[in-house]
Amino acid sequence: MSLRETGRRLRLRRTGWIPPDARVRHYDELGEDAQILVRELAGRPRTAPELDDLDDGDFVKFTDYYQVRTR
């Protein structure tokens, strides 16, 4: 898995609103590691180590739209 060395954690938050200038990533366009992470985190109150494929504030279209949050 391509983890960042920042030590930050990533979480997905379901959302129904996407800002017009948002970066939207489609699930099938993500790398394999990012797809696994999205499947594991979608709809669950869990975190995982940050990935290179996803940045804070990105949106991912999976079964719903999810916003990527890091902390």
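Determine whether the range 50-68 contains at least one residue that is of a type in the set (Ser, Thr, Tyr) and part of a strand (DSSP E or B). Yes, the range 50-68 contains a residue that is of a type in the set (Ser, Thr, Tyr) and part of a strand (DSSP E or B). Only residues that are in contact with a helix residue (DSSP H, G or I) (Cβ under 8 Å, 6 or more places away or on another chain), of a type outside the set (A, V, I, L, M, F, W, C) and open to solvent by less than 50 Å² (accessible area, probe 1.4 Å): list them for the range 30-71, please. Matches in the range 30-71: GLN35, THR47, TYR66. Against the condition hydroxyl-bearing (Ser, Thr, Tyr), over 10 Å from the mean Cα position of the chain (by Cα) and open to solvent by less than 50 Å² (accessible area, probe 1.4 Å), how does THR15 come out, does it pass? So THR15 passes the test.
The values are calculated or read from the model by the stated rules, or taken from the named source; none is laboratory data. Everything quoted here is computed from the prediction, not taken from an experiment. Glycine also receives a Cβ, built like all others from the backbone with ideal geometry; neighbour counts cover every protein chain displayed. Each accessible area value is taken on the protein alone, full model and side chains, heavy atoms only, with ligands, DNA and RNA left out. Shrake-Rupley method; radii C 1.70, N 1.55, O 1.52, S 1.80 Å.
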